Ligand SMILES: NC(=O)c1ccc[n+]([C@@H]2O[C@H](COP(=O)([O-])OP(=O)(O)OC[C@H]3O[C@@H](n4cnc5c(N)ncnc54)[C@H](O)[C@@H]3O)[C@@H](O)[C@H]2O)c1
């Protein structure tokens, strides 16, 4: 298989994508950042020659030596850059959240549809070893049918929120909470209704709630909960618990073990099985590998434009419910 030739745009978290791409044999055809210092830093760090360093992404669009672009710029720019690269015939791996507004997600879905290029949204939790294992266990049937699933995104943003993350549209439920929402959608399907409460006590520098709890209705017999705290006083966690009719799984993206309870013949859960798992909550290599495989073959990407947009739609429903005090049904019509 010929290595995919990729341009990485946005060189802060984007450096994880350079490592992801290099880690699975891709070729870095270009790097781009409008900040000179960040461009130079990444260029030197990964020994990218001067002629492959660009300050303006538009210089990359007509190049024939680029198959795909990674978009790792602030969320407000995702739509413009993603649509530009798609319409220039490139495949795109765009960072999460796909975008901050419904209008933007719809424009990105349209651009992917109209160009036939692959658009993957970087919902990296789907490549976290503990969550990949959780997905496999759910599919194996060992938990029976899920009746309650919960995930939390607790991550202290105190020191990193004084910038584009303070945009009122970049509510914590979209910015970071989209990880927990996407994980529950992946494991439990699309919630049909949500109800949420929010509080604002910890991050004076943002205009939105810094903690939100939402209950989700997945179907007649399955419910869920998402908790998002971006001012929490603790280390990063995405503790996730899946309750099924035959067993229960407790896991996290920051824990080296997961705990599995299964019911014996008497219907009772006895001593749990402790399963060891690699801690890798930003598995950029596996994520890029999945993208490159989909680009090279006929397979669709795991988190395509509609998947990314549906996750944002659930986040919007949660924010609206917390604001209005009413249950909200996410709008999945893309
Ligand atoms: N998957 C994850 O867990 C994860 C973690 C961190 C960030 N992210 C996402 O990655 C993206 C970038 O986040 P970050 O933390 O690196 O932000 P950042 O502000 O630290 O860095 C953004 C970089 O993009 C550059 N940039 C901004 N606009 C640009 C443009 N139009 N053209 C070229 N370069 C531009 C900036 O100069 C800067 O170097 C965001 O979408 C964020 O939500 C995802």
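Each value in this text was obtained by applying a stated rule to the coordinates, not by laboratory testing. Since the model is a prediction, treat every value here as computed from it, not as a measurement. So basically every Cβ, Gly included, is an ideal-geometry build from the backbone, and we count neighbours across all protein chains shown.
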Taking a crude spin-label model, label points 7 Å out from Cα along the C-beta direction, the residue 12 to residue 200 distance in nm is 2.2 nm
Could you line up 57, 236 from fewest to most neighbouring Cβ atoms inside 10 Å?
236, 57
For helix 102-115, report the angle its Cα long axis makes with the longest principal axis of the Cα atoms of the chain; keep it between 0 and 90° and round to the nearest 10°.
60 degrees
Please state the relative contact order of segment 48-93 as a whole percent: Cα pairs under 8 Å, 6+ residues apart?
39 percent
May I ask you to derive the relative contact order of segment 11-168, considering only C-alpha pairs under 8 Å and at least 6 residues apart, and to give it as an integer percent?
15 percent
Most exposed to least, judged by fewest other Cβ atoms within 10 Å, 266, 156, 33 sort to 266, 156, 33
Calculate how steeply helix 78-87 sits against the longest principal axis of the alpha-carbon atoms of the chain, using the helix alpha-carbon long axis, and give the answer as 0 to 90 degrees to the nearest 10.
60 degrees
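Within a 10 angstrom radius of the beta carbon, how do 295, 312, 6 rank from fewest other beta carbons to most?
Working: 295 21, 312 25, 6 28.
Going from sparsest to densest Cβ surroundings: 295, 312, 6.
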Give me log10 I(q)/I(0) at q = 0.12, 0.24 Å⁻¹ for segment 181-237, Debye formula, one equal scatterer per alpha-carbon, no solvent.
-0.35, -0.94
Relative compactness, the chain, computed as alpha-carbon Rg over 2.2 N^0.38 Å:
1.01
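Could you work out the relative contact order of the chain, using alpha carbon pairs under 8 angstrom and six or more residues apart, expressed as a whole percent?
On the way: 744 pairs, mean separation 65.7, N = 334.
This gives 20 percent for the chain.
Out of all DSSP beta bridges in segment 91-248, what portion is antiparallel? Express it as a percent rounded to 5.
Values: 21 of 32 bridges.
That works out to approximately 65 percent antiparallel.
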Quick check: the angle from helix 129-140's long axis to the longest principal axis of the chain, C-alpha only, nearest 10 degrees?
50 degrees
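Taking every pair of distinct Cα atoms and averaging 1/r, then inverting, what Kirkwood hydrodynamic radius in Å comes out for segment 282-334?
On the way: mean 1/r = 0.0762 Å⁻¹.
So the Kirkwood estimate lands at 13.1 Å.
Determine, for each peptide in 268-277, 143-152, 223-232, the mean count of other beta carbons within 10 angstrom over its residues, then list the peptides with the highest first.
Numbers: 268-277: 11.9, 143-152: 20.1, 223-232: 23.1.
Highest-to-lowest ranking by the protection proxy: 223-232, 143-152, 268-277.
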P(r) tail for segment 189-300, what percent of Cα pairs lie past 20 Å?
65 percent
Calculate, axis by axis, the spread of Cα positions in segment 1-73 along the three principal axes, and write the results as whole Å, longest axis first.
35, 26, 21
Highest-MSF residue in the chain out of 244, 64, 122 [GNM, Cα springs under 10 Å]
64
Could you let me know the centre-to-centre spacing of segment 9-38 and segment 142-221, using Cα atoms, in angstrom?
28 Å
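Express in nm, to one decimal, how much length is gained between residue 2 and residue 331 on full extension, taking 0.36 nm for each residue of separation and deducting their alpha carbon distance.
Gain on extension, residue 2 to residue 331, equals 114.5 nm.
Sort 12-18, 124-130, 216-222 by packing, meaning the average of other beta carbons within 10 Å per residue, with the highest value first. Present the calculation step by step, with values, prior to reporting the outcome.
Working: 12-18: 20.3, 124-130: 23.3, 216-222: 15.6.
Top of the packing list down: 124-130, 12-18, 216-222.
What value, in deg cm²/dmol to 500, does the helix sum -39500 (n - 2.57) over DSSP H runs of n ≥ 4 give at 222 nm once divided by the residues of the chain? Write down the numbers at each step before the final one.
On the way: 9 runs with 105 residues, N = 334.
Value at 222 nm, helices only, nearest 500: -9500 deg cm²/dmol.
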If you take every DSSP beta bridge whose two residues both sit in the chain, what share of them, in percent to the nearest 5, is antiparallel?
55 percent
